[in-house]
Amino acid sequence: MLRTLTVFTALAACLTLAAPVAAQPPAAPVLQASAVGQTVSATWTAVPGAFSYRAEVGLSPAQVLHAQELGPVTSFSLPNVPQGTYFLRVIARNASGLGAPSNVVAVAVSSAQGPPSPPTNLQAAVSGSTITFAATPPAGATGLLLGAGVVPGQSLVVLPVPLSGQVSVPNVPPGVYYARMHAANAGGISGASNEVTVTVSNACSAPAAPTLNVAVNGQAVVVSWNAIGGAIGYRLDVSATPGGAPMISQPLPASQTGVSNPFVPAGTYYARVVVANACGQFSTSAEVAVTVTAPTGGSRTPNPPPGQRLPLPNRAAVVDEIGRLYRGDLLASCVASGGNNTWLFRLVQRLRQEDTRWGLNWKRGRVNDMSQDVITYNWGSQADEGTREIYVIDVIIGHCGNPVAGWIDVTGQGGADAIWTLQPYRSAGFP
């Protein structure tokens with residue numbers, strides 16, 4: 001027994017020794033740096049486990065103006081450093097990431113060559129939201145910098161400028177700006193050029209308004225308009241009253257300048273087209289009244305042979321179409337919430353253009369209690385009004401919640417006493 005315990009103890013010790021140890025962040029190097037003329041040299045102590053080092057430089061002890069990954073080295077030498085005082089630090093990196101930074105060393109770089117003269121004759125030109133700056137660079141400049149702000153002398157933005165002295169800055173927000181230019185060489189950065197004041201205004205104007213044309217042929221309606229330069233898109237709005245809220249609001253690409261609808265229910269509509277440009281400006285065409293007259297009469301499927309019934313026509317596609325065209329009416333179809341039956345009547349009107357057997361329903365046989373989400377189809381030989389020989393179709397799903405157009409055959413599902421009717425439809429003035 002004692003021997004067994006000894007073996008287990010030794011095994012546990014081996015397992016403990018074999019367990020991996022999580023890598024720890026590397027220690028901080030010790031940095032030394034100096035400058036001879038315009039050459040900066042730096043060296044630091046190697047850190048155990050480090051496989052790379054990172055050098056950081058700033059113009060103050062806490063600032064990081066530039067950082068450079070150096071790899072597995074412990075020194076560097078950098079020539080042609082512009083005149084100035086810089087603050088260096090080095091950080092070791094291992095598998096766990098960067099460690100603590102080294103001590104910060106200040107290095108003063110001097111040059112027998114002094115900074116260049118400032119650029120001269122700085123000018124600015126504005127085109128829309130683009131500003132083009134141009135200046136005359138001094139002799140001996142190896143670089144140019146543009147500083148700009150919203151008050152005189154301020155440099156919220158500093159941009160490098162080609163040695164030609166010209167640069168364009170696009171997408172400048174509207175406002176008043178103050179800009180100046182500096183030159184640089186190995187001896188440092190020059191003073192500022194003359195300062196220019198630049199005003200960028202919202203120069204983008206609204207697009208021209210389209211001219212709307214409407215052609216009506218029976219119940220087919222074609223709406224078209226002229227293309228507008230600079231348009232990024234159009235929107236066709238159709239209302240039931242002059243200037244009213246759109247019951248149809250159809251976005252269209254800039255390449256499309258017309259819409260056709262082969263079937264529009266009878267009624268008078270008010271159409272207008274809105275155009276937008278890239279600046280977010282809009283213009284609206286004059287409103288055009290469109291009157292569509294329903295054809296008189298309507299086709300009708302002949303009666304079935306005695307003892308038989310007609311099949312139910314599947315008109316789900318028509319229901320979807322009317323749901324899309326009259327989404328506003330569909331959303332307002334719950335009478336209990338202050339809505340109306342306009343959408344249901346529009347659907348029945350559309351279906352009766354195909355077959356006058358389509359109608360509405362007295363709910364559970366109660367006359368004057370109309371189903372507000374149901375249509376019916378007379379499948380037999382009896383007269384329409386009052387017949388119970390009908391298919392019953394639920395066409396509004398989620399009626400008093402979030403209504404959508406649908407097609408569900410509910411014949412016989414709690415509606416054995418369903419009765420065909422068209423009285424509410426006629427009373428609402430529909431043909």
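Every number in this text was worked out from the coordinates using simple rules, so none of it is lab data. Computed from a predicted model, the values in this text were never measured in an experiment. For neighbour counting, all protein chains shown are included, and Cβ atoms are generated from backbone atoms with ideal geometry for every residue, glycine included.
A few comments on the model shown:
- For the pair D320 and R366 in one chain, pulling the backbone fully straight at 0.36 nm per residue adds 13.7 nm over the alpha carbon distance.
- Per-residue Karplus couplings for the range 378-384, computed as 6.51 cos²θ - 1.76 cosθ + 1.60 with θ equal to phi - 60°, are listed in order as 6, 8, x, 9, 6, 4, 4 Hz, Gly and Pro entered as x.
- Label sites at A206 and S249, each approximated as a point 7 angstrom past Cα along Cα to Cβ, lie 1.7 nm apart.
- Qualifying chymotrypsin sites (Phe, Trp or Tyr not before Pro) in the range 22-80, where qualification requires a DSSP coil assignment and no more than 16 other C-beta atoms within 10 Å, comprise F51.
- For the range 334-340, 3J(HN,Hα) per residue [Karplus equation, 6.51 cos²θ - 1.76 cosθ + 1.60, θ = phi - 60°, Hz, x = Gly/Pro]: 8, 5, 4, 9, x, x, 8
- Segment V73-L331, length gained on full extension (0.36 nm per residue, minus Cα span): 85.8 nm
- Loop-located trypsin sites (Lys or Arg not before Pro) in the range 295-381 (DSSP state not H, G, I, E or B) with no more than 15 neighbouring Cβ atoms inside 10 Å: R300, R309, R366.
- For chymotrypsin sites (Phe, Trp or Tyr not before Pro), no site in the range 240-340 is both called loop by DSSP and has at most 14 other Cβ atoms within 10 Å.
- Inter-probe distance in nm under a simple model that places probes 7 Å from Cα toward Cβ, at A95 and N217: 7.8 nm
- Here the sum of -39500 (n - 2.57) over DSSP H runs of 4 or more residues, divided by the residues of the chain, equals -3000 deg cm²/dmol at 222 nm, to the nearest 500.
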